[in-house]
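Read through the structure below, which is laid out as structure tokens, and then see the notes.
The values are calculated or read from the model by the stated rules, or taken from the named source; none is laboratory data. Every value quoted in this text rests on a predicted model; they were computed, and no experiment measured them. We place every Cβ from the backbone using ideal geometry, glycine too, and count neighbours over all the protein chains shown.
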Amino acid sequence: MKRLAAGLLIALALAMVAGQFLVPARYDQQFRESTDALPGGDHPLGTDELGRDRAARLLAGARVSLLLAPAASVLAIALAAMLGLSAGWFGGWWDRVVTTLIDLMISVPIFLVLITARAVLPLNVSPISSVMITFLLLGLLGWAGSARVIRGACQTHLNSDYILRALASGSSRTRILLVHLLPNLWPVLRTQFILAVPGFILDEANLSLLGLGVAEPLPSLGSLLKELTHLPSSANWVGLAAPALLLAITVGAFEFLLPPKEGAS
Amino acid sequence: MKFLILLMAGTLLAADPVILKMCLRSEPKTFHPLKADEEASETVRFLTAGTLLKINRKTQLPEPSLAAKWKTADGGKTVKFELREGLQFSDGTPFTAEDVVYTFQQVAAIRSGFTDSLRQGEATPVATVTGKHEVTVRFAELTPGWERLIDGLGMMSAKSPLGEKAVMGAFMVADHKPGQYIALGRNPHYWVRDAQGKALPKVDQIRLDITANRDLEVLRFKRGEVHMINKVEPDIYQALATQMPEAVRNAGVSFESEQLWFNQAGKAPIPAYKLEWFRSPVFRRAVSESIQRADLAKIAMKGLAVPGVGPVSPGNTVWFNQKLTADVYAPTVALEKLKKAGFQKKSDGLYDAGGHRVEFSIVTNAGNKTRERLAAMIQADLGEIGIRVNMVTLDFPSLLERITRGFNYEACLLGFTNVDQDPNGQMNVWLSSGATHAWSPNQAKPETAWEAEIDKLMKAQARTVVLAKRKEMFDRVQAIVHEQAPFLYLVHKNVLTAVHPSVRNSLVTVLFPHVFSNAEQIELQGLGTYRTAR
């Protein structure tokens, strides 16, 4: 299964890199005589309402989202791990500071922060810069929930019998952290990462309401997923459902590919 | 026992009230007829208020209402209204000439957008009783198009204890649950009869549910829980046309347009070289000629619009300048003009004489799929002549902040809602001192010769009574706007509405309100089915 997952991800990565050679048109080329076309010879997944090739847009959107969303997730989980782990490990006043910070981040509407960010950003930003800024902001602002989970898990492990036994047997704190605690927290980090990827992809799509996120003509998986709302009135369910299928396959492949949830003890 | 049987029989035989249901997209700010300034309040005013005359929404011409006839004198400054006799307000208070005088006194006393439009400076029209059923209204200045103002002036009772709640329209406010609904009941004293002499209105009640969510409104319409939608977007219209073809109504070209303009405000925090492009009519015309308007109408508007011509849409049959046509798509010609103006097309794009890459952003409001499609198509069209366009969607408050206060934007794509047939309603847009003179508002004095000419023409037509002369002057305004292209008119949208198959007699019109201008004549059919739709 692992091999299949790896194969799928490699195939996807190749398709994303060589996408422009696999599809008949650029993602922004408008075939205005063939709008909303059904899948066929010229357009394997049909065209969208402006006549743009859906397959080309899917590959371009996947390239944007599947590179930047995991990157943002890595950033968010790294921040979450650093703060959650340190809060759980050191406890005391630092734990209170981090917990307050987490509560603050969760309680402050993230959209307000993003509206402020949009207000200070220049308008003339290229579509790719815009989407990169968005994922960077998502990564920087999206760590709080994961940090709370990681802090809780860290505290649970620190109070568990195996850590107490390790302490009693004279293990150093560094050894306990690196050999016992981190490997056991790995499943938590892994799950948080896997949950964050599709979350960030969808967040990016919603952020277009604030003028952040991907801008025309660049597609993203999120913006393509939003077109699913047209499904009831469209005959091209293949073209509309393809982004959701691709996202499900990718997230599923990550799930199989990453090391298993069972940690060392 | 006999009483009980009669009571039961009465209960069984009593018909359910016939309720016509529609949605308002926001809570009305007021029920006062003189204070209604926004669409929700204007809807309630339209359905409840009685006026001296009415603009026929189909012919777009005035016709008698509470006044059986009228006559102008003094070169158009004075209007003598002859009132109908024996009319009553909704609470039974008689309608008299004193009520008309009282209403005009209230216009003088109340400050609102509507009353401001009836004033000329600080002077308000003065009404005096000149006969038992006759009132003479004297305007301080010539007021061309006064009929459309009187069309919105709901008569108020001077004597009724209910004050402004006593109305002369077909309906009256019967119940109001803030945030939920407004129920308009039948006015028992409404004076108009149908062709067979039967009392109007034909429905017992109009229920206006307050629903900001358009998707929910459409869903309820499909279920028969809402009978009419006054305005639907092209996407929704198309979806409805597939699912309920008998329900969609296209009234034709509206007064509304989608337009693009460049920021020419001197205080705009944008680079000087960009301001120079935007202030150049050659640049603006070249951009205009590089946009395929026919495609915009066909694709972005789903074929439910016509290519944009100018400030007045072809739907405004009285004021449209027939000599104007939409700009023809001619990118080669546009590029030639730009080259003559010092621009240069290189392999990677267009550059100005100073070596700056021609690139600008277009802001529009987020969440409007139609505008996003328009912007994406314009982006592609301008890309053909080497202009790089960055599209930015902003939430509406941020967008308004940028285009009206900070002026921190380069180009904007937005639609202007114009429900007023008369050019005087657009004064704030065309006068260079106007706050909605979008490309460079609030000018102390006109910045260009053509803006000065427009100022002069707009003021002159406002002082002229003869329609033909006014039309001549406003035709020239339209021609100047076409030549100078401060606004690039992209498309004129159609009036798209939805009327449930259970509704009979609904008159769909280009003028507001699009589906219920004859609300008192509307009937519901198939009551067994649709009465239950509450």
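Of all residues in the range B:354-368, those that are more than 11 Å from chain A (Cβ to nearest Cβ) have Cβ atoms under 7 Å from Cβ atoms of residues that are of a type outside the set (Phe, Trp, Tyr) and in a loop (DSSP other than H, G, I, E, B), 6 or more apart or on another chain, in B:Val358/B:Asp352; B:Val358/B:Gly386; B:Val358/B:Ile387. On the given criteria, is B:Ile378 more than 7 Å from chain A (Cβ to nearest Cβ), touching a strand residue (DSSP E or B) at 6+ places or on another chain (Cβ under 6 Å) and within 30 Å of B:Arg214 (Cβ to Cβ)? In short, no.
Got at least one residue in the range B:112-124 being of a type outside the set (S, T, N, Q), within 25 Å of B:Leu162 (Cβ to Cβ) and assigned to a loop (DSSP other than H, G, I, E, B)? No, the conditions are met nowhere in the range B:112-124.
For the residues A:Gly199, A:Gly170, A:Gly222, the requirement of being on the phi > 0 side of the Ramachandran plot and either more than 24 Å from the chain's Cα centre (by Cα) or in contact (Cβ under 8 Å) with a residue 40 or more places away in the chain (or both) singles out A:Gly170.
Can B:Ala435 be described as in a helix (DSSP H, G or I) and small (Gly, Ala, Ser)? Criteria not met by B:Ala435.
The residue that is surrounded by the fewest Cβ atoms within 10 Å (Cβ to Cβ), counting only those in the range B:193-219 that are assigned to a strand (DSSP E or B) and of a type outside the set (Asp, Glu), is B:Arg193. With a requirement of 1 or more residues that are touching a Leu at 6+ places or on another chain (Cβ under 8 Å) and surrounded by 18 or more Cβ atoms within 10 Å (Cβ to Cβ), the helices (runs of 4 or more DSSP H) lying completely within the range B:227-345 that satisfy it span B:234-243, B:281-289, B:331-340. Being under 21 Å from the mean Cα position of the chain (by Cα), more than 14 Å from every other protein chain (Cβ to nearest Cβ), free of Cβ contacts under 8 Å to residues at least 60 places away in the same chain and closer than 30 Å to A:Leu221 by Cα holds for only one residue in A:Met105, A:Met132, and it is A:Met105.
When B:Lys456 is tested against (1) surrounded by 22 or more Cβ atoms within 10 Å (Cβ to Cβ); (2) closer than 30 Å to B:Gly76 by Cα; (3) of a type outside the set (Gly, Ala, Ser), exactly one condition is not met: (1).
Only a single criterion out of (1) basic (Lys, Arg); (2) within 11 Å of chain B (Cβ to nearest Cβ); (3) surrounded by fewer than 19 Cβ atoms within 10 Å (Cβ to Cβ) is not satisfied by A:Arg96, namely (2). The single condition from (1) within 14 Å of another protein chain (Cβ to nearest Cβ); (2) surrounded by 17 or more Cβ atoms within 10 Å (Cβ to Cβ) that A:Arg190 fails is (1).
Of the helices (runs of 4 or more DSSP H) lying entirely inside the range A:54-138, the ones with 1 or more residues being under 30 Å from A:Arg32 (Cα atoms) are found at A:54-90. Can you name the residue in the range B:47-101 that is of a type in the set (Gly, Ala, Ser) and assigned to a helix (DSSP H, G or I) and is also modelled with the highest pLDDT among such residues? Per the stated criteria, the residue is B:Ala97.
Would you confirm, using the coordinates I've provided, whether B:Gly415 is small (Gly, Ala, Ser), away from every other protein chain (no Cβ under 11 Å) and either buried (at least 21 other Cβ atoms within 10 Å of the Cβ) or outside any loop (DSSP other than H, G, I, E, B) (or both)?
Here the answer is yes, as B:Gly415 does meet what is asked.
Residue-by-condition table, conditions (1) touching a residue at least 12 places away in the same chain (Cβ under 8 Å); (2) buried (at least 19 other Cβ atoms within 10 Å of the Cβ); (3) under 19 Å from B:Ser157 (Cβ atoms):
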| site | (1), (2), (3) |
| --- | --- |
| B:Glu98 | yes, no, yes |
| B:Tyr102 | yes, no, yes |
| B:Ala109 | no, no, yes |
| B:Phe114 | yes, yes, yes |
| B:Val126 | yes, no, no |
| B:Thr130 | yes, no, no |
| B:Val135 | yes, yes, yes |
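Scanning the range A:15-30 for any residue that is acidic (Asp, Glu), within 21 Å of B:Met391 (Cα to Cα) and within 14 Å of chain B (Cβ to nearest Cβ) turns up at least one such residue. With respect to the conditions (1) over 30 Å from B:Cys412 (Cβ atoms); (2) within 12 Å of chain B (Cβ to nearest Cβ), A:Asn124 lacks only one, and its number is (1). Consider the range B:270-294. How many of its residues are among the aromatic types (Phe, Trp, Tyr), within 14 Å of another protein chain (Cβ to nearest Cβ) and in contact with a helix residue (DSSP H, G or I) (Cβ under 6 Å, 6 or more places away or on another chain)? Counting residues in the range B:270-294 that are among the aromatic types (Phe, Trp, Tyr), within 14 Å of another protein chain (Cβ to nearest Cβ) and in contact with a helix residue (DSSP H, G or I) (Cβ under 6 Å, 6 or more places away or on another chain) gives 1.
Test B:Phe407 against the stated conditions and say whether it is more than 10 Å from every other protein chain (Cβ to nearest Cβ), closer than 18 Å to B:Pro486 by Cβ and surrounded by fewer than 20 Cβ atoms within 10 Å (Cβ to Cβ). Judged against the criteria, B:Phe407 is a match.
Checking A:Leu66, A:Leu83 one by one, the residue that is closer than 19 Å to A:Asp203 by Cα and buried (at least 16 other Cβ atoms within 10 Å of the Cβ) is A:Leu66 and no other. When residues in the range A:8-33 are screened for being farther than 30 Å from B:Asp381 by Cβ and over 21 Å from the mean Cα position of the chain (by Cα), 0 of them pass. Out of all the residues in the range B:369-405, which are touching a residue at least 24 places away in the same chain (Cβ under 8 Å), more than 27 Å from the chain's Cα centre (by Cα) and assigned to a helix (DSSP H, G or I)? Listed by number, the residues that qualify are B:Asp381, B:Leu382.
How about the range A:213-227: which of its residues are part of a helix (DSSP H, G or I) and among the polar types (S, T, N, Q)? Within the range A:213-227, just A:Ser223 meets the criteria.
For A:Ile110, work out the one condition from (1) among the β-branched types (Val, Ile, Thr); (2) within 30 Å of A:His180 (Cα to Cα); (3) touching a residue at least 12 places away in the same chain (Cβ under 8 Å) it doesn't fulfil. Single failed check for A:Ile110: (2).
Does the range A:53-76 include one or more residues that are within 14 Å of chain B (Cβ to nearest Cβ) and in contact (Cβ under 8 Å) with a residue 40 or more places away in the chain? Checked the range A:53-76: at least one residue is within 14 Å of chain B (Cβ to nearest Cβ) and in contact (Cβ under 8 Å) with a residue 40 or more places away in the chain.
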